[in-house]
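Single-structure report; data block below.
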Amino acid sequence: MVYGYFPGCSLHSTAQLYEDTARKALALLGIEVREVPDWNCCGATPGHAWLPPVGEALAQRNLKQARKAGLGEVLVPCAACYNVLARQAGPDLKIRHLLELMTEAGLLQEIEKRARGQLSGRKIAPYYGCLLVRPAEIAFDDPEQPRRLDQLLLALGAEPVLWSYKTACCGGSMAVPHGQVVSELVKKIVEAARQAGAAEIVTACPLCYANLAWRQGGSKKLPVRYFTELIVAALGVSR
């Protein structure tokens, strides 16, 4: 099966690492994708909050482009893009976050088999953020107690730490108008991960990554990774 692929603006700019490792992870697992032709910005959360008609038009154009290309399922790595497109897609077009696909039972077993415990000994905080698993109507995981990232970490041989901030909001795009507020939110999240025993944080959202990686204070920063980085690190070594 060939999946559609919608990278979104972030993966072609500030989240190039996510784009590169997502493509590599898909290739390592033999998953073929075709990029949605001539896609545009999905509108993200600011566009849909401040100018709903424009945001909806942007999303609908992307869905139309996917349909015109004959794509039945579209993979989306960005949490904001996934949220926007999944809420507006009809029954004829399935929008799936990349993490959802990677943690399906059969594929997760394949990842575990090939990873051979490559990440053994690494304590990692799985950070979902507030948008990836909400609202419940489009969620592919439990909105309050999500497990997909945890399951992936276990399959890779890592130890997911138990902590209470896994779905806390990082501040999202409010980092632009209210940077200090976002810095305080990030400080609480990172400190909670550190107190839980984590040596690093993994996420599936480019905006969460940007806030957590770039707005940590102090000299001892916790590394922040995309989940695709970990897949590539484990499977790339074990081939």
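The values are calculated or read from the model by the stated rules, or taken from the named source; none is laboratory data. The shown structure was predicted, so the numbers you read here are calculated from the model rather than taken from an experiment. Here Cβ is always computed from backbone atoms with ideal geometry, including for glycine, and neighbour counts include all displayed protein chains.
Assorted remarks:
- Leading residue by the ranking (surrounded by the most Cβ atoms within 10 Å (Cβ to Cβ)) among those in segment 76-92 that are in contact with a Leu (Cβ under 6 Å, 6 or more places away or on another chain) and within 16 Å of GLU137 (Cβ to Cβ): ALA79
- Residues being assigned to a loop (DSSP other than H, G, I, E, B), surrounded by 19 or more Cβ atoms within 10 Å (Cβ to Cβ) and modelled with pLDDT of 95 or more - total across segment 187-221: 3
- The one condition from (1) more than 21 Å from the chain's Cα centre (by Cα); (2) on the phi > 0 side of the Ramachandran plot; (3) surrounded by 15 or more Cβ atoms within 10 Å (Cβ to Cβ) that GLY8 does not meet is (1).
- Subset of segment 105-137 [under 30 Å from GLU56 (Cα atoms) and surrounded by fewer than 18 Cβ atoms within 10 Å (Cβ to Cβ)]: CYS130, PRO135, ALA136, GLU137
- ALA193 being farther than 24 Å from GLY8 by Cβ and in contact with a strand residue (DSSP E or B) (Cβ under 6 Å, 6 or more places away or on another chain): yes
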